[in-house]
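Here the structure is laid out as structure tokens; the discussion comes afterwards.
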Protein chains: 6
Amino acid sequence: MEKSGKAGKSKAKPARRSQAADDDTVITALGLKPAAPSAAVAAYFRKCQEKLGFVPNVLQAYAFDMAKLEAFVAMYNDLMLAPSGLSKLEREMIAVAVSSANRCYYCLTAHGAAVRALGEDPVLGELMVMNYRAAHLTKRERTMLDFATKLTVEPWAVEETDRATLRKAGFSARDIWDIAAVAGFFNMSNRVATATDMRPNSAYHRQAR
Amino acid sequence: MEKSGKAGKSKAKPARRSQAADDDTVITALGLKPAAPSAAVAAYFRKCQEKLGFVPNVLQAYAFDMAKLEAFVAMYNDLMLAPSGLSKLEREMIAVAVSSANRCYYCLTAHGAAVRALGEDPVLGELMVMNYRAAHLTKRERTMLDFATKLTVEPWAVEETDRATLRKAGFSARDIWDIAAVAGFFNMSNRVATATDMRPNSAYHRQAR
Amino acid sequence: MEKSGKAGKSKAKPARRSQAADDDTVITALGLKPAAPSAAVAAYFRKCQEKLGFVPNVLQAYAFDMAKLEAFVAMYNDLMLAPSGLSKLEREMIAVAVSSANRCYYCLTAHGAAVRALGEDPVLGELMVMNYRAAHLTKRERTMLDFATKLTVEPWAVEETDRATLRKAGFSARDIWDIAAVAGFFNMSNRVATATDMRPNSAYHRQAR
Amino acid sequence: MEKSGKAGKSKAKPARRSQAADDDTVITALGLKPAAPSAAVAAYFRKCQEKLGFVPNVLQAYAFDMAKLEAFVAMYNDLMLAPSGLSKLEREMIAVAVSSANRCYYCLTAHGAAVRALGEDPVLGELMVMNYRAAHLTKRERTMLDFATKLTVEPWAVEETDRATLRKAGFSARDIWDIAAVAGFFNMSNRVATATDMRPNSAYHRQAR
Amino acid sequence: MEKSGKAGKSKAKPARRSQAADDDTVITALGLKPAAPSAAVAAYFRKCQEKLGFVPNVLQAYAFDMAKLEAFVAMYNDLMLAPSGLSKLEREMIAVAVSSANRCYYCLTAHGAAVRALGEDPVLGELMVMNYRAAHLTKRERTMLDFATKLTVEPWAVEETDRATLRKAGFSARDIWDIAAVAGFFNMSNRVATATDMRPNSAYHRQAR
Amino acid sequence: MEKSGKAGKSKAKPARRSQAADDDTVITALGLKPAAPSAAVAAYFRKCQEKLGFVPNVLQAYAFDMAKLEAFVAMYNDLMLAPSGLSKLEREMIAVAVSSANRCYYCLTAHGAAVRALGEDPVLGELMVMNYRAAHLTKRERTMLDFATKLTVEPWAVEETDRATLRKAGFSARDIWDIAAVAGFFNMSNRVATATDMRPNSAYHRQAR
């Protein structure tokens, strides 16, 4: 049972490199060259740098093409930051539960950190990554995550009875849209990230632990 | 074997309503009220009306919120219509193969029509809807659809070996991004459409048959 | 959003061949030579030709062996055309919903056409092919298709509670047999068709649109 | 480790009824009344009684309708007993491997007995029921069962490459048809049997042990 | 329908070897050499030989290392033979239902024999192997096997509502532990057995038929 | 993109309780009372307390019955700590990859911490939890985890070809046993933990970050 004790003690062989060693420089497996940033993008990247201390790698991955990057940022910021009946934490919880179903390394890392921070509870972030069913959730949260997960795993089977369950848990028509839109968005992002082996900024791992 | 003969002959009972009877008016199950269109949106809707004869229901579904609609249109038009190493037909084939894996009624109908039209072959559209593996495809097309389908069905298992297969079939790094981005986008749209019971414009069914 | 407009316009490269180009001549991937038709088969094929304008390819596929063809026709005609508590349309709806779960190109094409014709509604046929859960169905139809689909997808889990649901929806013991028998039959046919790459007669695609 | 020793010793409570107690009288959960047998059926049932000592319950289950019974018998006897490049044992091995994938109690029991008898090896029957991959098979047998199982479990994914593997293992075009037809047939029978809770004759359990 | 008649009649080719021919000598695919038995193990093996007539192959498989063998025996005997609210038969039914879900040849054979013996009903053993849902079970037994099977097939989805169903069927907290522990144990054993191609002693096949 | 900034700022509503608030006191959902510790167990618990600062909850969960606890500890310590061709880190990597496939909160938390510590790389632990396929692994590690994962997810399909792949990557017969045994053990533990809602000690979350 001494599994986490003085682990390194007897190690003679050279330490392996950290898994995150290149994650801030080799951002995807595609090697697409960044385009010249538009004024808006340049400003936005400066703001990220100021606020977060880094530019999220997903933005750098899209930066080979300004139109694609701007479309992504517009949709992302509207979905995750604009006013909604869902709190920012709830939206991040959906993001992580969906990414867990799809096992997306990038999104689990970046948005797991967001849940830890917004929830002011590192363990809540872990639970969203590992299995949201093991978390102590409100009825509202659980219903929302069950819907997002079913929509991720067997979308063809989602229908009126599922919407009715959301309504009964207090969600409005607009809330249902937002749950679907956030779950949908991460079903997109998970796939773009995995398809390109997108690596999360190394800073995420330490955030809000 | 006379399964499609004079079917209606002996029918006494009142005909059932067409499945598409309300699809041009009851666009989703959520009943969200359209917002006042921005100038850009109003112009875009007029252009759709002129070119297609109707405004695609997905746009009307997003029209309860101009920011969401504009973000969706910007991303959609960039992905499906902007210059790319993938032809427009190839992008639509991905759209339909992904929507088939997810069994999305809206997207199969709207983009199935697009494949019929762009491919100048109604049967190609049917095959993308039913099972792309039964189609007579070029090696390039088949490799592309296999990647998009794996990314849809088991995204966690996509890795370097899958990208290598694409490269070997002649796809560039940018092409791989575009395949992933289109497959990702329809994994989003399929889920927003199914979650809201979005109905396709009835006109799609007759297009390019 | 102009996805189905003047698609062919700028095409310089030679048009690809229609997917159905060979479907009326190269019927399976096995190349089995037709046997000399029995009198009964010869008469039946003439009748098909008269009524449908063609002999369904599935019959031509079985025609390498008269005993096999006659057994297939006897079972098919009894199941789909003989008196039953299920209407012919209902039986065809089961055929297509099962074939959709199994993604069988031949059966989706041939029986999708039958649903369009018997239902006097092209869109009903599309819905059975794409996702029957998105159709506007009576309780009876939905219960019947849910049973047929569960029996197709996880047959080991079908039991008394599923039969009870059918009975509650008004189905008799004999009706339950017929639902099971039709669903079972297409689980057979789907597999024979896919295993041999059976191609549907090209005429089906245009029927009852 | 004494798991199969003097098991009954200390049992005071009344013995439970044998699982097969009613299996020779309550044949399905539907309770359909037998129709008057046609002359051909009456003769066939007498022959079964003489040769096997009983009429297989599947025949009694179909006996509510002579047309259905005769069609079933014609197809069954052609497939399983008529000349074929596949031996009778091979056809029964396919029957059981398919029924194992579908977990069909009736077919596993009746055709498991057939494999034990035809293979002159009780353990071969057990292996087909439990997991054919654990059996010591010839390359030919293994290839045949892999094809039948894939066709059962993910029919949509079967294509030319799978047929090529069969051909490489020495199977002719006609053999491929027969493998597909037998696998297809049991995918039908498994579902009819499970949907109606068809019980196997109790005699099967003791045969060829 | 004469499938189990005089099967061997026309066979000219040399009989194939029994599937179990080597199962008492070649116990796994790994060929690990037995270690010198500890005194406790030697005594235990003698007891097995006396009571069962053989040493179960699983014990011989672990016998390359006394510590591993003793740990396995201690856990096995406690779980399957020590006092519990579950009868020995119930524990063996769980063992076989779990092994059926995992299709483990070794455990289905050895513990299928145990169910036949303890249940004093060969058919009960067959049913646990083939599909426990087809057996005539008490509510208590069915609830227990449903839980064990869900825990095997989708462990991530087991939660309070599943425990509540067990409690409602009369199981105590300790009973729930025991169901979970037995189901868990065979999820381990099934995998060790399959990973090493462990063969069951040939004697099991004939026991309690 | 400011997802992890000053999250708590505008929060008026009372903070939610930490997810781990009760995890050190309410260890399972079963509420089984600890038995009087045997001398060996009492000594072992003291050793845990000294070395780790706490007694792992899994041990406290088994402590309602000394025989069960001792059997568990004996097997666990042999598997994870005794000499083996697999390093302790490799064994822990298997533990976490298996637990990730099964989505077990307890084991992912406790053994994720072990991988972080033994690997001297927090990110390696995260990757084992999230998706080992995204990690930078040696051929040996990857082959080992692929085997363990296949054995977890589709045990019935593991066979000689899979063992051959391990051998080719340099694993001995004994190593193969150890990989199977560790993977098997966590397939057991995952299920006992999930079935009882076992909670990990809160200390694990902060270890080796």
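The values are calculated or read from the model by the stated rules, or taken from the named source; none is laboratory data. Predicted, not measured: the structure shown is a model, and the values here were computed from it. Every residue, glycine as well, gets a Cβ built from its backbone with ideal geometry; the counts of neighbours run over all protein chains shown. Heads up: the accessible areas ignore ligands, DNA and RNA and are worked out on the full protein's heavy atoms, side chains in. Shrake-Rupley method; radii C 1.70, N 1.55, O 1.52, S 1.80 Å.
Across B:GLU141, F:GLU154, the residue with the most accessible area heads the list, and the full order at a 1.4 Å probe is F:GLU154, B:GLU141. Largest to smallest in accessible area, the residues D:ASP78, F:ASP146 fall in the order F:ASP146, D:ASP78 (1.4 Å probe, all protein chains included).
For chain C, hydrophobic long helices are taken as DSSP H runs at least 18 Å long by C-alpha position along their axis with mean Kyte-Doolittle hydropathy of 0.5 or more; these are C:66-81, C:105-118.
A:ASP22 contributes about 60 Å² of solvent-accessible surface, heavy atoms of the protein only, 1.4 Å probe.
Taking a straight Cα-Cα cut-off under 12 Å and skipping sequence neighbours fewer than 8 places away in the same chain, the aspartates and glutamates within cross-link reach of C:LYS33 are C:ASP65. If R0 is taken as 45 Å, the Cβ-Cβ distance between A:ALA82 and E:ARG167 corresponds to a FRET efficiency of 0.50. Rounded, prolate or oblate for the range B:73-156? Axes are the square roots of the Cα gyration tensor eigenvalues, ordered a ≥ b ≥ c, and the cut-off for rounded is a/c under 1.5. It is rounded, given that a/c, with a ≥ b ≥ c, falls under 1.5.
Would you calculate the separation in nanometres between label points at F:ARG174 and E:ARG209, each defined as 7 Å from the Cα along the Cα-to-beta-carbon direction? Result: 4.1 nm between the two label points. Here the calculated FRET efficiency for A:GLU160 and F:ARG17, from their Cβ-Cβ distance with R0 = 45 Å, stands at 0.80, rounded to the nearest 0.05. The C-B contact accounts for approximately 5200 Å² of buried accessible area, totalled over both chains at a 1.4 Å probe radius. Mean residue ellipticity at 222 nm, helices only, chain E: -18500 deg cm²/dmol; runs of at least 4 DSSP H residues each add -39,500 (n - 2.57), and the sum is divided by the number of residues. Taking all protein chains as shown and a probe of 1.4 angstrom, D:TRP156 keeps an accessible surface of around 70 Å². From the alpha carbon centroid of the range E:86-161 to that of the range B:50-111 is 49 Å.
Got a sec? What order do A:GLU70, B:GLU92, D:GLU159 fall in by accessible area at 1.4 Å, biggest, i.e. largest, first?
The ordering from most to least exposed comes out as A:GLU70, D:GLU159, B:GLU92.
Inter-chain neighbour count for B:26-33: the average number of beta-carbon atoms from partner chains within 10 Å of each residue's beta-carbon is 3. The length gained by stretching the chain between F:ALA29 and F:ARG140 to full extension, at 0.36 nm per residue less their Cα-Cα distance, is 36.0 nm.
At R0 = 51 Å, how high is the FRET efficiency between C:MET66 and D:GLU120 if r is their beta carbon distance? Nearest 0.05 is fine.
0.90
How large a share of the accessible area of chain E, in percent, is made up of carbon and sulfur atoms when the probe is 1.4 Å and the other protein chains stay in place? C and S fraction of accessible area: 56 percent. Listed as lacking a disulfide-compatible partner in chain B: B:CYS48, by the criterion of no other cysteine Cβ under 4.7 Å.
Looking at chain D, the accessible area is 36 square angstrom per residue; that uses a 1.4 Å probe and ignores ligands, DNA and RNA.
Once you have a ≥ b ≥ c as the square roots of the Cα gyration tensor eigenvalues for the range E:33-122, tell me rounded if a/c is under 1.5, and otherwise prolate or oblate according to whether a/b is larger than b/c. Prolate shape, in that a/c is at least 1.5 and a/b is the bigger ratio. Per residue of C:54-62, other chain Cβ atoms within 10 Å of the residue Cβ number 1 on average.
Applying the criteria of a DSSP loop state and at most 10 other Cβ atoms within 10 Å to the trypsin sites (Lys or Arg not before Pro) of the range B:66-144 yields no site.
Each residue was assigned an accessible area with a 1.4 Å probe, and for C:PHE185 the value is about 0 Å².
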